[in-house]
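First the structure, in the form of structure tokens, and then the observations on it.
The values are calculated or read from the model by the stated rules, or taken from the named source; none is laboratory data. These figures come from a predicted structure and were not determined experimentally. We place every Cβ from the backbone using ideal geometry, glycine too, and count neighbours over all the protein chains shown. To get the accessible areas, we keep the full protein, side chains included, count just its heavy atoms, and leave off ligands, DNA and RNA. Shrake-Rupley method; radii C 1.70, N 1.55, O 1.52, S 1.80 Å.
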Amino acid sequence: MVATSELVNYCNDLLDVGQFTDFAPNGLQVEGTATVRRIVSGVTASQALVDAAIELEADAILVHHGYFWKGEDPRVVGMKMRRLKSLLCADINLIGYHLPLDAHPELGNNAQLGAELGWDVSQIAGQGGAAGLMFTAQLPQAVTGRELALHIEDCLGRRPTHVGEDEDEIETVAWCTGGAQGFIQQALDLGVDAYLSGEISEPTTHIARESGIHYYAAGHHATERYGAAALGRHLAERFDLEHHFIDVDNPA
Ligand SMILES: [Zn+2]
């Protein structure tokens, strides 16, 4: 068992939250019980995840996508009211880490996705809003565009959208989990053969085709399933807690 304040302070230090300008508050977002012995981790603090945490009698929920996003309607009505009511009535702490959990070089979404795909990180790069979020690797061996798509599908259990020639050879990749299709220009600047992110937009296709970089959209949820789980496992070990990762399926 650990005091909630100690747990949150530990995470804030570990993930270096002060370094980030983010779109949502990082750390404790909704205060619950003063001590934690059981954590549920997940990608997004949806009602389904909150309900699963209540069912498990968890003391804290740890997520990548929490609440109170910049620009959202601040009123506590509808979906937001129901989620908050569920949390507050059950006295469950909601702890969220957005960009700090993408960027952490070991427990973060990008590092964990690379590990899942069997890629050794050769560089952590990026500029502007992508600083520290763009990871690159030299593939263990050159593969074709089609083979890389199949490898991603095998590892993530979800077929990626691939823009590029099936028979082209790929030796170097860059990736950024989540949306991140807008960072394709940074990937081009790095000179890699392929770029992988979660989501594709209409212009992404044209940029990829006209600049010759392969692009893979592997799913926002699918690429961000690993950071919160890794942090949860780490905390369980560090503070002797019970931890359950709950994957609420999401086709996006
Ligand atoms: Zn995300």
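Among the chymotrypsin sites (Phe, Trp or Tyr not before Pro) in the stretch 26-126, those placed in a DSSP loop whose Cβ has at most 14 other Cβ atoms within 10 Å are F68, W69. Placing unit charges on each Cβ (+1 for Lys and Arg, -1 for Asp and Glu) gives the stretch 109-223 a dipole about its Cα centre, and among L188, L150, A125 the Cα reaching farthest toward its positive end belongs to A125.
Report the relative contact order of the chain, percent, no decimals, based on alpha-carbon pairs under 8 angstrom and at least 6 residues apart. Intermediate values should be presented prior to the final figure.
On the way: 523 pairs, mean separation 52.2, N = 252.
Relative contact order comes out at 21 percent.
Take every DSSP beta bridge whose two residues both sit in the chain; close to 45 percent of them are antiparallel. Across the chain, the longest run free of exposed loop sites, meaning trypsin sites (Lys or Arg not before Pro) lying outside DSSP classes H, G, I, E and B with no more than 12 other Cβ atoms within 10 Å, spans 76-252.
Taking only the Cα atoms of the chain, how large is their convex hull per residue, in Å³? Before the final figure, lay out the partial values.
On the way: hull volume 30.4 nm³, N = 252.
With only Cα atoms used, the chain gives 121 Å³ per residue.
Simple point charges give the picture: +1 on the Cβ of Lys and Arg, -1 on the Cβ of Asp and Glu, and for the chain a dipole about the Cα centre of about 940 debye. Give, as ranges by residue number, the residues of the stretch 184-204 whose backbone N falls under 13 Å from the point 7 Å along Cα→Cβ of Q127. Under 13 Å, as judged by backbone N against the label point of Q127, lie 184-191 of the stretch 184-204. For the stretch 7-77, pairs of C-alpha atoms spaced more than 15 angstrom apart make up 60 percent of the total.
What accessible area per residue comes out for the stretch 109-223, rounded to a whole number of Å², with a 1.4 Å probe?
Values: 5010 Å² over 115 residues.
In whole numbers, the stretch 109-223 has 44 Å² accessible per residue.
Express the carbon and sulfur contribution to the solvent-accessible surface of the chain as a percent, rounded to the nearest whole number, probe 1.4 angstrom. Carbon and sulfur: 49 percent of the exposed surface of the chain.
Over the stretch 109-223, all Cα pairs binned in 5 Å intervals from 0 give whole-percent P(r) values of 2, 13, 27, 29, 22, 7, 1, listed from short to long. Taking the helices alone, the chain has a mean residue ellipticity at 222 nm of -10500 deg cm²/dmol, built from -39,500 (n - 2.57) per DSSP H run of at least 4 residues and averaged over all its residues.
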